[in-house]
Structures are given as structure tokens and as C-alpha cells.
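The values are calculated or read from the model by the stated rules, or taken from the named source; none is laboratory data. In this text, all values refer to a predicted model and were calculated from it rather than measured experimentally. Heads up, the Cβs are rebuilt from the backbone with ideal geometry, glycines too, and the neighbour counts pull from every protein chain shown.
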Amino acid sequence: DAKTTQPPSMDCAEGRAANLPCNHSTISGNEYVYWYRQIHSQGPQYIIHGLKNNETNEMASLIITEDRKSSTLILPHATLRDTAVYYCIVRALSNFGNEKLTFGTGTRLTIIP
Amino acid sequence: DGGITQSPKYLFRKEGQNVTLSCEQNLNHDAMYWYRQDPGQGLRLIYYSQIVNDFQKGDIAEGYSVSREKKESFPLTVTSAQKNPTAFYLCASSIGMQGRNEQFFGPGTRLTVL
């Protein structure tokens, strides 16, 4: 699996957009970028994933650079409930959709009132 | 409500005792997973199962055992052979279809061995 690099921590003001970067310079052509988050003492929650096109859902947007070596998760209007550890994971998909996910230490995002 | 349940939320055991952690899902997912999380660390995969009656070791399987007799259940036993069992244990499931790998997690069980 391609290795990912994330800043250990970030702060963002409530109501502003939170932009979380992730570097994955060794990503290969068949590997997707996944984002999960983990609120303290809870199980991780899936946010979004993408291959090369930008993606958007009700929770966030994912911007992947053209060379796919980095990506940014955008929470458009951060709230206090978005305070969590955010994990960027790179993984290829098999025919079974049951791949193991390798979670690093992620970025601890703190939303400031 | 559809989801994954883990029980209990907190569990205490004496050193040398085996303990079984429960994980149940009613999402009709084929694949299920067990992860371990230590303070300030990411998740590490213990075991996973793609279908009923089949499972594979993850990255840190030593000292653990699992069974998958029913689609909805994937219990994890922490044996006395596990050197450092105190941790936060997370169970997850995924639909197991091509192109779909979102994993849904339970609330976790925090195991403390005294």
C-alpha cells in the first residue's frame, strides 16, 4: 500500500472551511484515496473516497491533484462536531471489496469556537 | 436501526484469563474485521473474514482467535497468550462488493487487563 503523510494537528475556526492535506507520492494507478474520521473514543466513520476525479458528498469534498500525489479533504462549514482525528488511506480495490485498510496516526483537527 | 453493535463498552479482566468480545451486524455485509487501537496510535488489523466459515490473519493476529459461524456475528477471543491485551478493540464490516469498500465501524470495546 502507498504510504500517506498528514500533518499531526490542525485548528480551524467554526464556520470556516477546514482543508486537510494528505501526501501520497508513491500512489499507483489502481489505488483509491479514502478518508475516515474518528471522534474521541468512537469507531471511525467513513467520509469519502476517490480515484482521480474530485468527489463531493453530503459530508465533504475530496480534491485530488492531477498527478494524484496529494489530496485535500474539505469540510465546507466546520462545526464543533467535526473535531476528530482524520485519516487519509490509500488502497487498491480488489474484486471482493473487502480490502484491509491501514490507518496511520492521522490529523487531529480541532474546531475553535 | 441497521448497524454494528459491540458489547460490552468497557471490559475488565484479570491477567491470564481468556475473554471474548462480541460483534454483531445487521447490515447483511459479507466482510467483517477486527482492529486494535492503542493510545495515540492508528488502527491495526487483527483478523478479517470475507465470508461465513472463513477468516484470515491480519497484521497482529498472535494471541487472538476468531470464528465466523454466522454472517452477522464475528466474535474475537483475546487469549492469555496475548502479551499486551489492554487496548481499544474495534469491529467493522463492509458489503464486500467490487468498488465498494466503505467500512462501517462499531462503537468499540475498551478492554483493560488488570
With criteria (1) part of a strand (DSSP E or B); (2) at pLDDT below 95; (3) within 20 Å of A:His40 (Cα to Cα); (4) touching a Ser or Thr at 6+ places or on another chain (Cβ under 8 Å), B:Phe88 comes up short on (2)
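Identify all residues within segment B:9-33 that are on the phi > 0 side of the Ramachandran plot and touching a Cys at 6+ places or on another chain (Cβ under 6 Å); write none if there are none.
Going through segment B:9-33, the residues on the phi > 0 side of the Ramachandran plot turn out to be B:16, B:28.
Matches in segment B:9-33: none.
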What is the number of the single condition among (1) in contact with a Ser or Thr (Cβ under 7 Å, 6 or more places away or on another chain); (2) buried (at least 21 other Cβ atoms within 10 Å of the Cβ); (3) facing chain A (nearest Cβ under 9 Å) that B:Ser94 does not meet? (1)
Per the list (1) over 19 Å from B:Arg36 (Cα atoms); (2) more than 12 Å from chain B (Cβ to nearest Cβ), residue check on A:Ala84 breaks on (1)
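Within the bounds of segment A:91-99, is there any residue that is within 15 Å of the chain's Cα centre (by Cα), of a type outside the set (D, E, K, R), more than 9 Å from chain B (Cβ to nearest Cβ) and in a strand (DSSP E or B)? Break it down into steps so the answer makes sense when it comes.
Start the filter on segment A:91-99 by keeping residues that are within 15 Å of the chain's Cα centre (by Cα), which leaves A:91.
Now restrict to residues that are of a type outside the set (D, E, K, R): none.
There is no residue in segment A:91-99 that is within 15 Å of the chain's Cα centre (by Cα), of a type outside the set (D, E, K, R), more than 9 Å from chain B (Cβ to nearest Cβ) and in a strand (DSSP E or B).
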When you scan segment B:44-81, how many residues do you find that are among the small types (Gly, Ala, Ser), without any contact (Cβ under 8 Å) to a residue 60 or more places away in the chain and over 15 Å from B:Ala92 (Cβ atoms)? 5
Of all residues in segment A:7-34 being within 11 Å of chain B (Cβ to nearest Cβ) and outside any loop (DSSP other than H, G, I, E, B), the one that is nearest to B:Gln103 (Cα to Cα): A:Tyr34
For segment B:44-66, name all the residues that are among the hydrophobic types (A, V, I, L, M, F, W, C), more than 9 Å from chain A (Cβ to nearest Cβ) and in a strand (DSSP E or B). B:Ile46, B:Val66
For A:Asn53, are the conditions met, namely being free of Cβ contacts under 8 Å to residues at least 40 places away in the same chain and either more than 14 Å from every other protein chain (Cβ to nearest Cβ) or of a type outside the set (A, V, I, L, M) (or both)? yes
Scope segment B:36-87; condition surrounded by fewer than 15 Cβ atoms within 10 Å (Cβ to Cβ) and at positive phi; matching residues: B:Gly40, B:Asn53
